[in-house]
Amino acid sequence: MALTIEEAQAQINCGIWQGRFQFVHNGHESVFKSALSGFNEQFVAIVNPNPQVLVDDSFVRFDKRLNPFNYFKRMLLWKTIADHEGQNISIAPCWHARKSISLENEFLPYHSEDNPGRCWIVPIGQDDNERRKEADLTSLGEIVCDSNYGEESISCRGIAASLVRQYFENKQWDKFNECVPVCVQELTRLLATNNDPYTYKIVPIIDDMIDFASLQSAINWVEQGENRFIVIAISVGVENCSQWWYKSATRLKSHYTFYQKSKAIKNIFKKLSVSNYLITPFLFKRMILVEFIHIRRHFCRQVEILNG
Amino acid sequence: MPSSRNSKWLINSSLKYAYGLEACLGYQNIEEVSNVFVDEANLQVFIVPEIKQMTKEVTSVEQEIKNLKDKIEYFLSLHMMLSTNDEKQLCDMFVDTPNELERLLVKIKYNVVSVGEATEIYRNIKKQWDNK
């Protein structure tokens, strides 16, 4: 049985607003503002993070043609919306939570029956699909709360992402603008045509280590110009990149989860008053190769980059 | 990840071989950050959930920054409300300085600036304060 949003916010520390967000529209933003923002810790979980790799061909919504934005672009859009609203959110990938929650545990706060740590927000009143979503998540031991869909304005309730994509493809900008949050209208248009207006410096965190010289350089760079972002790329170990969405992450030499490391990084940036940053995973495949270049000839790992 | 057209990986030159990152990224899109050798002991230092700081002594410049911050804060607290026009002007001029100094202390704490760079920034602020 789903909790009400008020019960959930009072009992559970972390709220998760999940979706494919292809495209992000006013309905998504409305739930973000009305339901998610009341939780102490706020997560936007981006479903189907790498749309170029088909997860499940029985699930029509994962069809590549319906999923134009990769993970990074959707993360950037949500970061923009959150900054606009003055909210400090976390963004995490989510593979297909209705079927299985395994790799997601690396990115989300710890949760168990005895120690409930997170709650999934679902607009249960929207349609049968959302009701099934509630049932699926509950059967996996997760807590679900109702976003109060019925309370949303009619204009928000009438929006579907497929409609927004159609407006975009037909260049019906007036209608498009009616559906997409003002703060990301231009950015959505740019990203959808592969025109990213920002530049990035990527600082890797491998295992539990960060190179402070790189961090220092990135912070100096971001403070010296406009339209710049630091990307903190945290390594995540996976068994097999070709089917990684269902495989549990192995942490290599890391003692901490992605979630713990990203929280620590957020603390550092908060103390330094730096807000132009994004935190994203990149995947380490467990493949050992010998590094000949280095004088000590030690073993190292192959890296695969999460492009989605 | 962002497109390689508008992004660069920052990799310390003394770390770049350690994980085969450079090879995997195709030797492109990489900016070497420093030629300074990072010793192995320092590589072991990083994260716990509440941030394990890099352990180091409080430097004299940190102490000096704290002293200057206290001095300015004391001045602001004395003159912010009841003061002459000149004093008010000074308050306006230095009202953000304690926060600036606090940020500088945090930057030193997490090695975001070197002690040398911090000293230079501190000296500039101190000079403005002494000449007020």
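The values are calculated or read from the model by the stated rules, or taken from the named source; none is laboratory data. Predicted, not measured: the structure shown is a model, and the values here were computed from it. No Cβ is skipped: glycine too gets one built from the backbone with ideal geometry, and neighbour counts run over all protein chains shown. Ligands, DNA and RNA are excluded from the accessible area calculation, which covers all protein heavy atoms including side chains. Shrake-Rupley method; radii C 1.70, N 1.55, O 1.52, S 1.80 Å.
Quick test for you: out of A:137, A:108, pick the one residue that is out of contact with any Pro (no Cβ under 7 Å at 6 or more places or on another chain), under 22 Å from residue A:259 (Cβ atoms) and not in a helix (DSSP H, G or I).
Details: A:137 fails: not in a helix (DSSP H, G or I).
Result: A:108 is the single residue among A:137, A:108 that is out of contact with any Pro (no Cβ under 7 Å at 6 or more places or on another chain), under 22 Å from residue A:259 (Cβ atoms) and not in a helix (DSSP H, G or I).
Quick one: residue A:294 ticks every box in (1) modelled with pLDDT under 85; (2) outside any loop (DSSP other than H, G, I, E, B); (3) open to solvent by less than 60 Å² (accessible area, probe 1.4 Å) bar one, so which box is it?
The one condition residue A:294 does not meet is (2).
Looking at the stretch A:212-230, which of its residues are farther than 14 Å from residue A:261 by Cβ and facing another protein chain (nearest Cβ under 7 Å)?
Taking the stretch A:212-230 and keeping what is farther than 14 Å from residue A:261 by Cβ, we get A:212-214, A:216-230.
Within the stretch A:212-230, A:212, A:213, A:214, A:216, A:217, A:218, A:219 qualify.
Tally up the residues in the stretch A:217-261 that are at pLDDT below 80 and not hydroxyl-bearing (Ser, Thr, Tyr), please. It would help to see each step written out before you state the result.
Step one: list which residues in the stretch A:217-261 are at pLDDT below 80, which gives A:235-256.
Those still in the list that are not hydroxyl-bearing (Ser, Thr, Tyr) too: A:236-241, A:243-245, A:247, A:249, A:251-253, A:255.
So the count comes out to 15.
Residues A:74, A:118: which one is in contact (Cβ under 8 Å) with a residue 60 or more places away in the chain, of a type in the set (D, E, K, R) and in contact with a Pro (Cβ under 9 Å, 6 or more places away or on another chain)? Working first, answer last.
Numbers: A:74 fails: in contact (Cβ under 8 Å) with a residue 60 or more places away in the chain.
From the options A:74, A:118, the qualifying one is A:118.
Can you find, within the stretch B:89-103, the residue that is farthest from residue B:122 (Cα to Cα) among those that are assigned to a helix (DSSP H, G or I) and open to solvent by 90 Å² or more (accessible area, probe 1.4 Å)? Break it down stepwise before answering.
Start the filter on the stretch B:89-103 by keeping residues that are assigned to a helix (DSSP H, G or I), which leaves B:89-94, B:97-103.
Then keep just the ones that are open to solvent by 90 Å² or more (accessible area, probe 1.4 Å); that gives B:89, B:92-93, B:99, B:103.
Numbers: B:89: 22, B:92: 19, B:93: 16, B:99: 13, B:103: 11 Å.
Step by step, filter the stretch B:89-103, then rank; the result is B:89.
Could you grab me the full set of residues in the stretch A:68-89 that are away from chain B (no Cβ under 14 Å) and under 11 Å from residue A:46 (Cβ atoms)?
A:78
Provide a single number: the residues in the stretch A:199-209 that are within 22 Å of the chain's Cα centre (by Cα) and either at pLDDT below 80 or more than 7 Å from chain B (Cβ to nearest Cβ) (or both). Let's see the steps before the verdict.
Initially, the stretch A:199-209 is screened for residues within 22 Å of the chain's Cα centre (by Cα), giving A:199-208.
Okay, now just the ones that are also either at pLDDT below 80 or more than 7 Å from chain B (Cβ to nearest Cβ) (or both), so A:205-208.
So the count comes out to 4.
Determine if the stretch A:71-83 includes at least one residue that is in a loop (DSSP other than H, G, I, E, B) and crowded, with 21+ Cβ neighbours inside 10 Å.
Of the residues in the stretch A:71-83, the ones in a loop (DSSP other than H, G, I, E, B) are none.
For the stretch A:71-83, residues in a loop (DSSP other than H, G, I, E, B) and crowded, with 21+ Cβ neighbours inside 10 Å: absent.
Restricting the search to the stretch A:137-155, which residues are open to solvent by less than 50 Å² (accessible area, probe 1.4 Å) and closer than 18 Å to residue A:97 by Cα? Show your work before the answer.
Keep residues of the stretch A:137-155 that are open to solvent by less than 50 Å² (accessible area, probe 1.4 Å), which gives A:137, A:141-147, A:149, A:152.
Passing the criteria: A:137, A:141, A:142, A:143, A:144, A:145, A:146, A:147.
Need pairs with beta-carbon distance below 7 Å; first residue of a type in the set (Gly, Ala, Ser) and within the stretch A:181-206, second assigned to a helix (DSSP H, G or I) and surrounded by fewer than 23 Cβ atoms within 10 Å (Cβ to Cβ); sequence gap 6+ or separate chains.
Sorted first by the residue in the stretch A:181-206, then by its partner, the pairs are A:192/A:168.
Kindly indicate whether any position in the stretch A:89-96 is within 23 Å of residue A:185 (Cβ to Cβ) and modelled with pLDDT of 90 or more. Step through it out loud before you land on a result.
The initial filter retains those residues of the stretch A:89-96 that are within 23 Å of residue A:185 (Cβ to Cβ), namely A:89, A:91.
Subsequent filtering for residues that are modelled with pLDDT of 90 or more retains A:89, A:91.
Yes, there is a match, as at least one residue in the stretch A:89-96 is within 23 Å of residue A:185 (Cβ to Cβ) and modelled with pLDDT of 90 or more.
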